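The values are calculated or read from the model by the stated rules, or taken from the named source; none is laboratory data. Given the structure is predicted, the values throughout are model-derived calculations rather than measurements. FYI the Cβ positions are ideal-geometry reconstructions off the backbone, even for glycines, and counts take in every protein chain you see. SASA here: full protein model, heavy atoms, side chains in, ligands and nucleic acids out. Shrake-Rupley method; radii C 1.70, N 1.55, O 1.52, S 1.80 Å.
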Amino acid sequence: MKKLMIAALCLMALTACTQKKNNPAEDALLQQRDSLTRVIEQKDNEIDDMVATMNDIQEGFRAINEAEQRVTIAKNGEGTTAAEGIRENMEFIQSQMQQNRELISKLRNQLRQSSVKADQLRRTLDNLTQQLDEKDNQLRQLQAELEAKDLQIGELSQQVSALSGNVSHLQEETSQKSQTITSQDKQLNTAWFAYGTKKELKDQHIIEDGKVLRSNFNRDYFTKIDIRIDKEIRLYSRSAKILTAHPQSSYTLLQDANKQYILRITNPQQFWSTSKYLVVLVK
């Protein structure tokens, strides 16, 4: 009986030792699983963002097609109401096409910064860009047809129509103002960013004598962005320090699954209010 009890105790001790030896391996597997889960979640988030942008692009094309149909119907009508309807729809088409181009550019930038391989999506973007170019040609043809019918596209109001002697002058003035507003709006929403090691930033004269952007620095080194669209900047480094002045409450620095930093701009207007240039020191 005593021998049987001793054997049982030895078996229990051996089992405990075996389990203890297996724990480090199990811990390693758990860590590897958690790391893979974070990578998968990161890729899922990137894919979700790109799919959302693609949906916005498709919705833009749908809206353009509907506006084109409205113009086709209205051009067969007569009077001020028909002309105003055509003008409004033509302006909407031009605005929507520009927005689609910006969204395509945003999606291309997402693809460049993403770890997801999406050759098919790149080909789809090329096809969408080609469709926009075709829409441009169709729009020019439609404008020519409307001008042939003496429809005054782009009138300011019914009052302008009554002043027939000044229509041409007012149309030209409106066009110039529209171009000025568009240009100013684009400039107001344009910013530039650059990141690099201390040596790289010095080579581009971005840092000189410990000062940032105080001399004739290389502006070609910066990437141009639209602050309304681009609100995340991947820095591809585990060390990141913002050198230019930006309110701390307007951004956060996050790390992805690979511990590399991502700058997320939570309040673009506030973030870019102090400087339209962003410089980040990385290692």
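Some notes on this structure:
- Residue match in the range 219-229 (condition: without any contact (Cβ under 8 Å) to a residue 60 or more places away in the chain, under 11 Å from Tyr195 (Cβ atoms) and part of a helix (DSSP H, G or I)): yes
To keep it simple, each residue is scored yes or no on (1) closer than 23 Å to Asn109 by Cα; (2) among the small types (Gly, Ala, Ser); (3) touching a Pro at 6+ places or on another chain (Cβ under 6 Å).
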site	(1), (2), (3)
Gln204	no, no, no
Gly210	no, yes, no
Leu213	no, no, no
Phe217	no, no, no
Phe222	yes, no, no
Ala240	yes, yes, no
Pro247	no, no, no
Lys259	yes, no, no
Pro268	yes, no, no
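- If the condition is being under 16 Å from Thr190 (Cα atoms) and open to solvent by less than 50 Å² (accessible area, probe 1.4 Å), then the range 219-245 contributes Phe222, Ile225, Asp226, Ile227, Ile229, Asp230, Ile233.
- Within the range 247-265, the set of residues being part of a loop (DSSP other than H, G, I, E, B) and closer than 20 Å to Thr223 by Cβ comprises Asp256, Gln260.
- Note on the range 196-209: among residues that are open to solvent by 70 Å² or more (accessible area, probe 1.4 Å) and either touching a strand residue (DSSP E or B) at 6+ places or on another chain (Cβ under 8 Å) or part of a loop (DSSP other than H, G, I, E, B) (or both), the one that is modelled with the lowest pLDDT is Asp209.
- Counting only residues that are of a type in the set (D, E, K, R) and surrounded by fewer than 16 Cβ atoms within 10 Å (Cβ to Cβ), the range 256-273 holds 2 of them.
- If the condition is being under 12 Å from Phe61 (Cα atoms), in contact (Cβ under 8 Å) with a residue 24 or more places away in the chain and open to solvent by 50 Å² or more (accessible area, probe 1.4 Å), then the range 93-140 contributes Gln94, Gln99, Arg101, Gln131.
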